[in-house]
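The values are calculated or read from the model by the stated rules, or taken from the named source; none is laboratory data. The model shown is predicted, which means the values in this text are computed figures rather than measured ones. Note that we place each Cβ from the backbone using ideal geometry, even for glycine, and neighbour counts take in every protein chain shown.
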Amino acid sequence: MAKRKQVGKRVEGWKAKSWFKVYGPEAFGKTYIGDTISADPSKVMGRVMQTTLGEISQDYGKQHIKMRFKVNSVAGDAAYTEFVGHEITRDYMRGLVKRKTSRIDAIILVPTKDNKKVRVTVTCFTINRANDSQAHAIRGAIMKNVTEQAAQMSFEEFTKMVVSGDLAKEAFKIVKTIFPVRRVEIIKSKVETPVVMAL
């Protein structure tokens, strides 16, 4: 009997909670991305929601791009978010790796024009195997290009270019003049949160 009473209490607790509809940021069309539940709207703040770019854009060729958004404001039963990062699925990445070629990674922390910092991981897949000096030249060109692009764009503009693949296309144009490359992908991004120092 005691166990049944505990179950009853849990059900009552759920009834006291409310559902909040969660929407993506304006840069991604304020698209509905899901629901979250809480008894206290303040506890919805900071929650991270995950979806795919395919779901947001209704382009199911982009289901391999996982998107992460953090709730930064609540109004009534609606919660609004900010972009905090993305990542390419492992299955998609495995399909890009070929034998007798090189995979060259560059991890870059870049500030945007409005001084938001984003850490991006850019991967270049070559047609033939590159030697160390060629890999170094490719990595350097990617880092220079991405840093320059970020400095010219707002945070919203930059994140849209990262996720859409447009930034990777710009990097591809640069590195193909150095060595034969098959593809450039930004496989991961993460918005760096400023550290608040305690007084």
Practice item. Kindly indicate whether any position in region 36-52 is touching a residue at least 40 places away in the same chain (Cβ under 8 Å) and under 14 Å from the mean Cα position of the chain (by Cα). Key: no
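Table: residues versus (1) within 21 Å of Leu53 (Cβ to Cβ); (2) part of a strand (DSSP E or B); (3) within 14 Å of the chain's Cα centre (by Cα); (4) not assigned by TED's automatic domain parsing to the domain that holds Leu53.
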residue: Glu82; (1), (2), (3), (4): yes, yes, yes, no
residue: Asp105; (1), (2), (3), (4): no, yes, no, yes
residue: Ser133; (1), (2), (3), (4): no, no, no, yes
residue: Arg139; (1), (2), (3), (4): no, no, no, yes
residue: Phe172; (1), (2), (3), (4): yes, no, no, yes
residue: Ile187; (1), (2), (3), (4): yes, yes, yes, yes
Review point. Considering only residues of region 89-105 that are in contact (Cβ under 8 Å) with a residue 40 or more places away in the chain and of a type in the set (A, V, I, L, M, F, W, C), which is farthest from Ile65 (Cα to Cα)?
Key: Leu96
Exercise for review: Output the residue which, of all residues in region 143-173 that are touching a residue at least 40 places away in the same chain (Cβ under 8 Å) and more than 21 Å from Ile65 (Cα to Cα), is surrounded by the most Cβ atoms within 10 Å (Cβ to Cβ).
Suggested key: Met153
Check your understanding: Of Asp91, Asp105, Asp132, which residue is at pLDDT below 95 and of a type in the set (Asp, Glu)?
Key -> Asp91
Practice item. Return the residue satisfying two criteria in turn: it lies in region 22-51 and is within 11 Å of Val71 (Cβ to Cβ) and charged (D, E, K, R), and of such residues it is modelled with the lowest pLDDT. Key: Lys43
Exercise for review: Would you mind stating whether Arg119 is outside the structural domain of Val48 (by TED's automatic domain parsing) and outside any helix (DSSP H, G or I)?
Suggested key: yes
Practice item. Could you please let me know if Arg99 is at pLDDT 95 or above, outside any strand (DSSP E or B) and farther than 25 Å from Tyr23 by Cβ? Key: no
Study note, to complete from the structure: Considering region 16-47, residues that are β-branched (Val, Ile, Thr) and not in a strand (DSSP E or B), and then whichever is surrounded by the most Cβ atoms within 10 Å (Cβ to Cβ), we arrive at Val44
Practice item. Check whether at least one residue in region 191-198 is over 24 Å from Phe28 (Cα atoms) and touching a Ser or Thr at 6+ places or on another chain (Cβ under 9 Å), and report yes or no. Key: no
Check your understanding: Does region 115-129 hold any residues that are among the polar types (S, T, N, Q) and either modelled with pLDDT of 95 or more or in contact with a Cys (Cβ under 6 Å, 6 or more places away or on another chain) (or both), and which are they?
Key -> Thr121, Thr123, Thr126
